[in-house]
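Below is one structure; the comments refer to it alone.
Bear in mind that the values in this text are calculations on the coordinates, not laboratory data. Not measured: the values here are computed from a predicted model. Cβ coordinates were reconstructed from backbone atoms using ideal geometry, including for glycine residues, and neighbour counts include every protein chain displayed.
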Amino acid sequence: MTSTDAQRIVLRPLLRALAENWWLLLLRGIAAIAFGALALAWPRETILTLTLLWGIYALFDGVLALWEAVSGGISEIAPRWWLALVGIAGIGAAIAAFAWPGMTALILLWFIAGWAIFIGVLHIWGAFRLRIEAEGEWLLGLSGVLLVAFGVIAFARPGAGALALIWLIAWFAIAIGAIYIWAAFRLRKFKEPA
């Protein structure tokens, strides 16, 4: 028995579920980077465009997170309610963005900042839970810290302007997307062969 075989035998339910669906985290990362690139490509577009782009990203991210939460087997012991909350929050944020597309830059900033803090806290909690089961959980924790930091900065400096908001959100999305992609490939190592 190799060390890799021994490692696969002791995989915990949460790690196994995340590893089996590593590609969903990869898609979330690609979506975040695509959103960031589009926001950088059109920095002078209206806040409506930003709202709709962000709404599409939040919907995509929320659906994939919810899928991750429910795609594990019914017999799984590990709680995935925190991942379901991430998904529900993303879908709810997207619905709100589509329902009120004409909201001002300040309201959008507060909306995104609140979402980022909430999701960031859940990522930090998830990393704390996952640290018992695997190494590399710091990537999820780092994404949570970045989300919370972004949210706090956005609340503290609301008058930065629409262009600064677009650039801040774009670079944040690209950074988070890169972390998601990196974490996805790390999780892939724990996937059990078919």
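When peptides 54-66, 89-101 are ranked by their average number of other Cβ atoms within 10 Å per residue, the highest-first order is 54-66, 89-101. With θ taken as phi - 60° and the Karplus curve 6.51 cos²θ - 1.76 cosθ + 1.60 applied, the whole-hertz 3J(HN,Hα) list for region 109-118 is 4, 5, 4, 5, 4, x, 4, 4, 5, 4 Hz, x standing for glycine and proline.
The modelled label-to-label distance between Trp67 and Val121, using points 7 Å beyond Cα along the C-beta direction, is 2.8 nm.
Just want the ordering: Phe150, Phe185, from fewest to most Cβ atoms lying within 10 Å of their own Cβ.
Ordered from fewest to most neighbouring Cβ atoms within 10 Å, Phe150, Phe185 come out as Phe185, Phe150.
Applying 0.36 nm per residue to the separation of Ile107 and Trp23 and subtracting their alpha-carbon distance, the gain on full extension is 26.9 nm. Our coupling estimate for region 18-33, obtained by passing each phi through the Karplus curve with A = 6.51, B = -1.76, C = 1.60 and θ = phi - 60°, is 5, 5, 5, 10, 4, 5, 5, 5, 4, 5, 4, x, 5, 4, 5, 5 Hz, Gly and Pro reported as x.
Summarising the amide proton neighbourhood of Arg80: residues at separation of 5 or more, or on other chains, whose placed amide H is nearer than 5 Å comprise an empty set.
With each label modelled as a point 7 angstrom along the Cα→C-beta vector, the Phe185-Ala156 pair spans 3.3 nm.
Note on Leu48/Arg131: beta-carbon distance plugged into 1/(1 + (r/R0)^6) with R0 of 35 Å gives a FRET efficiency of 0.25.
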